1. So how do 40-51, 252-263 stack up, highest first, on mean other-Cβ count within 10 Å?
2. Towards the positive end of the charge dipole of segment 308-423, with charges on Cβ (+1 Lys, Arg; -1 Asp, Glu), say which of Thr379, Asn334, Pro367 has the farthest Cα.
3. With only alpha-carbon atoms in the gyration tensor, what are the semi-axes of the equivalent ellipsoid for segment 19-92, in Å, largest first?
4. Taking the mean number of other Cβ atoms within 10 Å as a proxy for protection, how do you rank 98-107, 114-123, 229-238 from highest to lowest?
5. Quick one: if you stick a label point 7 Å off each Cα along the C-beta vector at Thr24 and Ala311, how many nm between them?
6. Compute for the chain: radius of gyration divided by Kirkwood radius, i.e. Rg/Rh, restricted to C-alpha atoms, rounded to two decimals.
7. Between Gln233 and Glu109, with labels modelled 7 Å along Cα→Cβ, what's the label distance in nm to one decimal, could you check?
8. Hey, any idea what Rg/Rh is for segment 33-76, computing Rh the Kirkwood way over Cα pairs?
Amino acid sequence: MKKILLFLITLFYLSGHAQFSTFTCDTNAIKAALSANYDRLFVQGFPCAMYFIAKTDKSWLASQQDAMAVGANLTSILSQAENDAIVQAANAQGITGGAWIGYTDAASEGNWVWVDGSQSTFTNWNGGEPNNSGGLPCYQDEDAALIQFSNGKWNDLAVQNICGGSLGRGLIKVNLCPVVNAPPSVTVCAGVNPTITAVGSFGSKKSSPPSYDYAWFIPPSTNPVDLDSVYNQPTPSSTPVVVAIRDRYQCSDTAIVNIVVNNCTPPSGPKGCNIPQIINTFTSQGYIQLNVQGQDCSLYFINPTSQDAAAAQAAAQALGANLVVMNDAQENQNVVNALNAQNAFALASKIWIGYKRTGVAAPTFYPLDSSTGPFLTPTTGGPTPGIFQNWAPNEPNNQGYQCSPVCGIGCNGYACVNGEQCVQIYSNGLWNDEKCNDGSSI
């Protein structure tokens, strides 16, 4: 009821604005976009999705790429009921054999994930599966899942077989219920613009950035005050703001954020610093200021653009800064608190910080701001005394380095040669070493 009420309230707020006046999916556009290469699969009982099955057999990798080209993914299957409904629909329509689903452990062997980001513990493997049966020289690992319509069970197969095998029809899901995530409330001092980040997910992404259309409204006005994913507007008094998203096929969602404005004085910063100039320099380049508490000698910003570690550091250095180096446990916690409060981990599950291995497979790391020399970690003969570190258990582990003698098929080529030389921080404040070319991080 709460969701329906929010939808109705927001629809009332926005009904006067043409850009966001229609809050229903254009199912005709979905069918038109997919009709050439897919047949509709009439799955019953799941109104938040439309299912389609490819007309031709391809590899799992090609099938997922085709799905993404129309704003979708190979389907996630999140319950026994959904699994059964898919099989029943296939059987009713005379579809035999099997189909690729969006489940893979290509990124990390044994760690199976849904490509659409869904979180679910449901699986329905055949007995003895997944078995990761190798097939050199055609492929090394079986990193993709296929559902069998005869019994609804799953089997793992290769994402791509250079010998021409492991082909199937792609089963895709077009989600009709996208989700917008935004913090429920934000508190700022009077005279300071709030910075609120909204992140859309589970919708059909547009063919070019941004993935979704965004609009922010201050009720009862129906005129948008911001048209991107970040709200950073003058807000003189406490008020709710409404954020709306819309995906490629006009499917939408909304959220309400309560802005609380207090009569307080923000810290002026160290003597001599032109704080407004620093803030303007970074925000004008697309950075979002982080409201980190308890660190009066530093300002913190996050770049919402996904990029590899070298690009992230280069962008910071171009403005006279570095990726953040944590001086102690309190700073680490204060930064993570701000990242979580401002929903930064909805942009990416991992965020680059300012450390790097001193070389391929080297046991030491160094801070990018040169505040200390190289240091050993808990897994490489340390830790070096006097230097704060906050690694996750068994990290850093340089996963994937020299994972096969020739860094061949089924092995991440970059990691095999270069290892994991850069460092990311999780939402719980723990650190992980990662491939420096990971372009999904911020």
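Derivation of every value follows stated rules applied to the coordinates shown; laboratory data play no part. Please read all numbers here as calculations on a predicted model, not as lab measurements. Quick reminder, even Gly has a Cβ in these numbers, built from the backbone with ideal geometry, and neighbours come from all protein chains shown.
1. Packing proxy ranking, top to bottom: 252-263, 40-51.
2. Thr379
3. Numbers: eigenvalues 86, 65, 29 Å².
Output for segment 19-92: semi-axes of 21, 18, 12 Å.
4. 98-107, 229-238, 114-123
5. Label at Thr24, label at Ala311, 4.0 nm between them.
6. 1.00
7. With each label point 7 Å from Cα toward Cβ, the separation is 5.3 nm.
8. 0.95
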